[in-house]
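**Student:** Pasting in a structure now, in structure tokens, and then I'll have a few things to ask.
Rule-based calculations on the coordinates, nothing more; no lab input. In this text the structure is predicted, and so the values were computed from the model without any measurement. Here the Cβ positions follow ideal geometry from the backbone for every residue, glycine too, while neighbour counts run over all protein chains shown.
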Amino acid sequence: MKAIRVHEFGGPEVMKLEEVPDLTAGPGQVVVSVQAVGVNPVDSYIRTGTYYLKPPLPYTPGMDAAGTVEAVGEGVESVEVGERVYVGGTLRGAYAAQALCDAAQVHHLPERVSSAQGAGVNVPYATAYRALYNRAHGQPGETILVHGASGGVGIAAVQMARAGGLTVIGTAGTEKGLKLVLEQGAHHVVDHRKEGYAEEIMALTKGRGVNVILEMLANVNLARDLTLLALRGRVVVIGNRGSIEINPRATMQRDLSILGLTLLNATKEELVSIHAALVAGLESGTLNPVVGREMPLADAPLAHGAVMEPGAYGKVILIP
């Protein structure tokens, strides 16, 4: 089969399309015939070798894919051969024509959801769910600011929060992105590249501030986020690309909480709960992944550049 392989850490150019042996399913394992692969910023961080998670070389990147079950190992009863699925992590990487998974990593993909959309479920939607409910404990009636709402995690959070009864404010940096965020369910949209956007957000809350912020670029926004939170507000740091100086007194004055998050820290019990909720949302139509761009698997280096560009718009998907 064809697979992207990384033999040394470095820039996007270290990813090479190679021919590798087909995969076989051991006990408790599933082989998925991959029809679409989701590209996430974390894939790029891992590829550089500077991320805290450093896989042994050589390796195949990727955690997200969708397709059909090709083979199941002994003891697997949760899925059947031929079933449409998305994967929430793999044992050997996702940038390939096949993915080997533990049975617990494979989840039903409803017929109404395309394979390209299914490849955009795991990291974005599970991250958004964990941020909103497991970390921030968002409640119906609260107001949430999704800061950077036009990317994969942002869109997931907007859809989820709207369905959960929160008032949703989403930010984006382009007219196209703002339109998308509004279409996905935000009650209000704000251009975070315009001077005075913070005042606009405070005006939308009548000066009270927001209860929850999901932050995709903390090294730029965290200090300002603390001025936008209401009493006992929570900001969840989902994305960050550097350091920032904040005044801790801002947290003291209103009992604010800064909460870190990575999906890789989720417990097995959390993941079972999260994916049960995601499958239900996909089935009911409250969750609808947005595909921004599809590219051939061989273009993985270009996809890693695209996923890190500002002005995110939906998911970048690779097609084997």
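**Student:** For the chain, what's the relative contact order in percent, using C-alpha pairs closer than 8 Å and at least 6 residues apart?
**Tutor:** Details: 766 pairs, mean separation 59.5, N = 320.
Computed value for the chain: 19 percent relative contact order.
**Student:** Follow-up. What list of whole percents do you get for P(r) of the stretch 119-177, with Cα-Cα distances grouped in 10 Å bins up to the one holding the largest distance?
**Tutor:** All Cα pairs, binned at 10 Å, distribute as 25, 56, 18, 1 percent.
**Student:** Also, quick follow-up: Quick check on packing: order 281-287, 32-38 by the mean number of other C-beta atoms within 10 Å, highest mean leading.
**Tutor:** Working: 281-287: 16.9, 32-38: 26.6.
Top to bottom by mean Cβ count within 10 Å: 32-38, 281-287.
**Student:** Next question. Which lysines have a Cα less than 20 Å from the Cα of Lys54, not counting those fewer than 8 places away in the same chain?
**Tutor:** Within reach: Lys16.
**Student:** Quick one: net charge of Glu8's neighbours, Cβ under 13 Å, K/R +1, D/E -1? Could you put the intermediate results ahead of the total?
**Tutor:** Values: positive: Arg5, Lys16, Arg47, Lys54; negative: Glu13.
Computed value for this residue: +3.
**Student:** So if I place +1 on the C-beta of Lys and Arg and -1 on the C-beta of Asp and Glu, and nothing else carries charge, what would the dipole magnitude of the stretch 124-264 be about its Cα centre? I want it in debye, nearest 20.
**Tutor:** Details: 15 positive and 11 negative charges, 46 e Å.
Using only the charged Cβ atoms, the result is roughly 220 debye.
**Student:** Restricting to DSSP loop positions (anything but H, G, I, E, B) with no more than 13 other Cβ atoms inside 10 Å of their own Cβ, which trypsin sites (Lys or Arg not before Pro) remain in the stretch 199-237? Don't jump to the answer; show the numbers that get you there.
**Tutor:** Values: sites: Lys206, Arg208, Arg224, Arg232, Arg234; in loops: Lys206, Arg208.
Of the trypsin sites (Lys or Arg not before Pro), the ones in loops of the stretch 199-237 whose Cβ has at most 13 other Cβ atoms within 10 Å are Lys206, Arg208.
**Student:** Then there is this: Using a simple charge model, +1 on the beta-carbon of Lys and Arg, -1 on the beta-carbon of Asp and Glu, nothing else, what dipole does the stretch 17-82 show about its Cα centre, in debye to the nearest 20?
**Tutor:** It comes to approximately 400 debye.
**Student:** I would also like to ask the following. Within straight cross-link reach of Lys176, meaning Cα distance under 29 Å, which lysines are found once same-chain residues fewer than 8 apart are removed?
**Tutor:** Lys194, Lys206, Lys315
**Student:** Expressed as a rounded percentage, what relative contact order does the stretch 124-264 have, with Cα pairs under 8 Å and six or more residues apart? Present the calculation step by step, with values, prior to reporting the outcome.
**Tutor:** On the way: 292 pairs, mean separation 30.7, N = 141.
The value is 22 percent.
**Student:** Taking a ≥ b ≥ c as the square roots of the Cα gyration tensor eigenvalues, with a/c under 1.5 meaning rounded and otherwise prolate when a/b beats b/c, else oblate, which class fits the stretch 124-264?
**Tutor:** On the way: a/c = 1.26, a/b = 1.16, b/c = 1.08.
In terms of gyration-tensor shape, rounded.
**Student:** May I pose another question? Treating only the Cβ of Lys, Arg, Asp and Glu as charged (+1, +1, -1, -1), what charge dipole size does the chain show about its Cα centre? Round to the nearest 20 debye. Numbers along the way, then the final one.
**Tutor:** Numbers: 26 positive and 31 negative charges, 208 e Å.
Around 1000 debye, computed over the chain.
**Student:** Another question about this same structure. Among the trypsin sites (Lys or Arg not before Pro) within the stretch 44-140, which fall in a DSSP loop and have no more than 15 other Cβ atoms within 10 Å of their own Cβ? Please list the in-between numbers first.
**Tutor:** Numbers: sites: Arg47, Arg84, Arg92, Arg112, Arg130, Arg135; in loops: Arg92, Arg112.
Listed in order of number, the matching sites are Arg112.
**Student:** Loop only by DSSP, 10 or fewer other Cβ within 10 Å of the Cβ. Give me the trypsin sites (Lys or Arg not before Pro) in the stretch 161-191 that pass, ordered by residue number. Each step should come with its number before you reach the end.
**Tutor:** Values: sites: Arg162, Lys176, Lys179; in loops: none.
For trypsin sites (Lys or Arg not before Pro) across the stretch 161-191 that sit outside H, G, I, E and B with at most 10 neighbouring Cβ atoms in 10 Å, the list is empty.
**Student:** For the stretch 124-187, with the dipole built from +1 on Lys and Arg beta-carbon atoms and -1 on Asp and Glu ones, taken about the Cα centre, which of Ile169, Pro124, Ala157 lies farthest toward the positive end?
**Tutor:** Sorting the options by dipole projection puts first Pro124.
**Student:** To the nearest Å, what is the center-to-center distance of the stretch 106-147 and the stretch 183-235, using C-alpha atoms only?
**Tutor:** Distance between centres, Cα-based: 20 Å.
**Student:** To two decimal places, what compactness ratio does the chain give when its Cα radius of gyration is scaled by 2.2 N^0.38 Å?
**Tutor:** Numbers: Rg = 19.5 Å, N = 320, 2.2 N^0.38 = 19.7 Å.
Normalised by 2.2 N^0.38 Å, the Cα Rg of the chain equals 0.99.
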